[in-house]
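Notes to accompany the following structure.
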Number of protein chains: 2
Amino acid sequence: MSEQNAAQISETTAEQTRHAILEAAIKLFGEKGFEATTVRDLISEADVNLAAVNYHFGGKDGLRLAAIDHLATQFRKNGPGLALANIDRNAISTMAPEEARESLRFIMKTSFQMAATKGGADTRARYIQRELIQGGESTERFFEKVFSLQFNLMVQLVARATERDVDEELTRVRAINLIAQSVFLNLARPLVLLAMGWDDYTPDNVDLVGDAFWLHHG
Amino acid sequence: MSEQNAAQISETTAEQTRHAILEAAIKLFGEKGFEATTVRDLISEADVNLAAVNYHFGGKDGLRLAAIDHLATQFRKNGPGLALANIDRNAISTMAPEEARESLRFIMKTSFQMAATKGGADTRARYIQRELIQGGESTERFFEKVFSLQFNLMVQLVARATERDVDEELTRVRAINLIAQSVFLNLARPLVLLAMGWDDYTPDNVDLVGDAFWLHHG
DNA sequence: ACCTGTATCAAACATTTGTTTTATTGACAA
DNA sequence: TTGTCAATAAAACAAATGTTTGATACAGGT
């Protein structure tokens, strides 16, 4: 166990810096965007040495990809996956439309609430949503690691809610349009606050938004 | 008229460079983002001298604001405002719900179609949508110059479609959620294409999307 | 005690980036 | 022709940025 201990101990302290850098990356990339965030911003936020980013992640671009993986792990545990986890996946195919709609509304409210609430979850969500629109490798990585699974569950629920088939493109686009509403309200927060005349997303505001999503079928 | 002519002629050629730079800015800011676009990228795209950006707009930041103003003008003529223009604004308040819904669907289809179709309009839309999420001065500028007017019309239509009051916050959020769907499908195009298994927004795809927006009331 | 390899640190490096400077052009008026 | 002034062009500048280098600390194994 000797060499394991050696590895363990050194990796433990190293893991702290790795973690600090990843958290800083998610925070700053989410707030200001990837290009606008400098390596010196990152190491200042994480309180580590300048060379640490290159040493541990091979560079700024490497950090970007590592941050997605890091986030994907967290996201599966604490993200909207949590809301989806309460749904019995095997039961979806036999759900009544009304029940599927209720599940969808619950998921929408919960995921938006988590994303909009201050305290870490919001910057994480903001980072993810920035990557979504970026295109390129990071978007593909995020899609397969995080988005794909949950999206398919949404599609199944929408299919039941609208009494249509899961394979229909219309069903899939409708699922996207549900996600769009939640994402936009977070990503375009500055504009939404202006349009609503709000100063911030208060609990009351979040409640109201949760009831305003369009999700009935036509 | 002598000094006017002098001004006119020189301003004419100068206006060409101004215009070329503005178009390049909208294109590149939309494609890559503001920070990721260098002044040298811009002058290369516009085929003008390096100093031209600073000479005409005072700097990269000045160009950003000027591009919004430039876009606001075009947008009022050729943007979604066109779709809204077909609606008799005075008639909205007495519209039947069904008629208001039809108007909304028409606006959604038309504006998405224009934004998704290649040929200039798409990069313009992408630029606008990037500014929306940016925050800060540019977002405020865009909100008051472009978004505000059209948003209020949407609110009025949603109010009629859902038979609720224009002053209700629920009505306003619902209007935002309509816009969200169209914006997201354009802005998150890389993700949407992955999720749908599409290569691009073909006319058929655009048609399908146009029918998939959620806008019935509940 | 000595060696080994990982991790951290300060300093420096090579580019890139936004901006400025200086010179030149070209059109129009006198 | 000559002078004037807005516009353009090429070169240079200073600051910022991602990355690399060489030295040092330090823990664990021999």
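Among A:110, B:37, A:117, the order by Cβ neighbours within 10 angstrom, fewest to most, reads A:117, A:110, B:37.
Between A:180, A:195, A:115, the GNM of chain A built on Cα springs shorter than 10 angstrom shows A:195 fluctuating the most. Counting every alpha-carbon pair across the stretch B:90-218, the share separated by more than 21 Å comes to 44%.
For the stretch B:130-218, a crude dipole built from +1 on the beta carbon of Lys and Arg and -1 on the beta carbon of Asp and Glu, taken about the Cα centre, is about 120 debye to the nearest 20. Net charge dipole, chain A: roughly 100 debye, given to the nearest 20, about the Cα centre with Cβ charges of +1 for Lys and Arg and -1 for Asp and Glu. Loop-resident chymotrypsin sites (Phe, Trp or Tyr not before Pro) (DSSP state other than H, G, I, E or B) in the stretch B:112-146 with no more than 14 further Cβ atoms inside 10 Å of their Cβ are absent. The GNM of chain A, with springs linking C-alpha atoms under 10 angstrom apart, assigns the highest mean-square fluctuation among A:170, A:71, A:185 to A:170. Here the Karplus relation 6.51 cos²θ - 1.76 cosθ + 1.60, evaluated at θ = phi - 60°, turns the backbone of the stretch A:31-43 into coupling constants of 6, 10, x, 5, 5, 6, 8, 8, 4, 5, 4, 4, 5 Hz, with x for every Gly and Pro.
Taking Cα centre as origin and charging only the Cβ of basic (Lys, Arg, +1) and acidic (Asp, Glu, -1) residues, the dipole magnitude of the protein assembly as shown rounds to 100 debye.
Under 10 Å from the Cβ of residue B:20, count the other residues' Cβ atoms, weight Lys and Arg +1, Asp and Glu -1, and hand me the total.
-3
From least to most packed, judged by other beta carbons within 10 angstrom and beginning with the fewest, B:162, B:123 follow the order B:123, B:162. For the peptide A:197-210, the mean number of other protein chain Cβ atoms found within 10 angstrom of a residue's Cβ is 1. The C-alpha atoms of chain B define a longest principal axis, and helix B:203-212 lies at about 50 degrees to it. The stretch between residue A:204 and residue A:90, if pulled fully straight at 0.36 nm per residue, gains 37.6 nm over its current Cα-Cα span.
Over the residues of chain B, the helix contribution to mean residue ellipticity at 222 nm works out to -23500 deg cm²/dmol, using -39500 (n - 2.57) for each DSSP H run of at least 4. Among the GluC sites (Glu not before Pro) within the stretch B:125-218, those in coil by DSSP and having at most 11 neighbouring Cβ atoms inside 10 Å are B:163.
Along the axis of the charge dipole computed for the protein assembly as shown (Cβ charges of +1 for Lys and Arg, -1 for Asp and Glu, origin at the Cα centre), the listed residues A:151, A:203, A:30 are led at the positive end by A:30.
Read-outs throughout are calculated quantities, based only on the coordinates presented, and are distinct from any laboratory measurement. Keep in mind the model is a prediction, meaning the values are calculated, not measured. Note: ideal-geometry Cβ built from the backbone for every residue, glycine included; neighbour counts use all protein chains shown.
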